[in-house]
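Here the structure is laid out as structure tokens; the discussion comes afterwards.
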Amino acid sequence: MSQKIIDLVTAVVAPAIPEPYELVDIEYEKIGSDYILSVLIDKPGGITVEDTADLTEIISPLLDTIQPDPFPDQYMLEVSSPGLERPLKTKEALKNAVGQYINVSLYKAIDKIKIFQGDLLTFDGETLTIDYLDKTRHKTVEIPYQTVAKARLAVKL
């Protein structure tokens, strides 16, 4: 149900997002008794509160044009930045993240490890190469793209 809503909203909203903004993700979830439609948008250098207000004015009327109304309940629209731990949902997003510190969760463990966190050295569209710390030693792992369940930018502590 919620995936259908996300697909419909993405189809309507994505073409309307002006440059230099980029639609990063859309989430529809119930928090407490409220349904929240989160539209995560970014631009180089990050987005400001004014940006989110301007984008809300673009996005909100578009949602009212979707027929039949896909939302079973009243919801709140939240336009925000994905922040520091931005999801990397596409091959293109991963290519743009080369050189950055990322967190990758896998469907299938590699050497009994299902979550890697480290610097993304390369990504050729098929394989991610990550430099990570195993206790105190730097190691490199090659991860097939199809085994990646989730990837996101991470904050190095």
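The values are calculated or read from the model by the stated rules, or taken from the named source; none is laboratory data. Owing to the predicted nature of the structure, the values given are computational and were not obtained by experimental measurement. Cβ placement follows ideal geometry from the backbone for every residue including glycine, while neighbour counts extend to all protein chains displayed. Just the protein is used for accessible areas: all its heavy atoms, side chains included, with ligands, DNA and RNA removed. Shrake-Rupley method; radii C 1.70, N 1.55, O 1.52, S 1.80 Å.
Counting each pair of different Cα atoms once, what's the Kirkwood radius of the chain in Å, rounded to one decimal?
Details: mean 1/r = 0.0578 Å⁻¹.
That comes to 17.3 Å for the chain.
Give the percent of DSSP beta bridges with both residues in the chain that are antiparallel, rounded to the nearest 5.
Once the DSSP bridges in the chain are tallied, antiparallel ones form about 85 percent.
Bins of 5 Å, beginning at zero and ending with the bin holding the largest distance: percent of Cα pairs per bin for the range 1-83, please.
3, 14, 29, 26, 17, 8, 2, 0
Count neighbours as other Cβ atoms within 10 Å of each site's Cβ, and list the GluC sites (Glu not before Pro) in the range 1-104 that are DSSP loop with at most 16 such neighbours.
Details: sites: 22, 27, 29, 50, 57, 78, 85, 92; in loops: 85.
For GluC sites (Glu not before Pro) across the range 1-104 that sit outside H, G, I, E and B with at most 16 neighbouring Cβ atoms in 10 Å, the list reads 85.
Tell me, what is the percent relative contact order of the range 37-90, built from C-alpha pairs under 8 Å that lie six or more residues apart?
Working: 33 pairs, mean separation 34.5, N = 54.
It comes to 64 percent, rounded to a whole number.
Quick one: pull the percent of accessible area on the chain belonging to carbon and sulfur, 1.4 Å probe, ligands and nucleic acids left out.
Carbon and sulfur atoms account for 52 percent of the accessible area of the chain.
Less than 14 Å Cβ to Cβ from residue 139, Lys/Arg counted +1 and Asp/Glu -1: what total charge do the surrounding residues give?
On the way: positive: 112, 135, 137; negative: 111, 119, 131, 134, 142.
Here the charged neighbours net out to -2.
Using alpha-carbon positions, what is the distance between the centroids of the range 28-88 and the range 5-25, in Å?
10 Å
So which lysines can residue 135 reach, going by Cα to Cα under 21 Å and dropping same-chain residues fewer than 8 places off?
Qualifying lysines at Cα under 21 Å: 112, 114, 156.
According to the Cα gyration tensor, what semi-axes, each the square root of 5 times an eigenvalue, does the equivalent ellipsoid of the range 85-151 have, listed from largest to smallest in whole Å? Could the numbers behind the result be given before it?
Details: eigenvalues 58, 36, 22 Å².
Working through the eigenvalues yields semi-axes of 17, 13, 11 Å.
How much area per residue is accessible in the chain when the probe is 1.4 Å and only protein heavy atoms are counted (Å²)?
Working: 9620 Å² over 157 residues.
Normalised by residue count, the accessible surface of the chain is 61 Å².
So how tilted is helix 49-63 from the main axis of the chain? Cα-based, degrees 0 to 90, rounded to 10.
60 degrees
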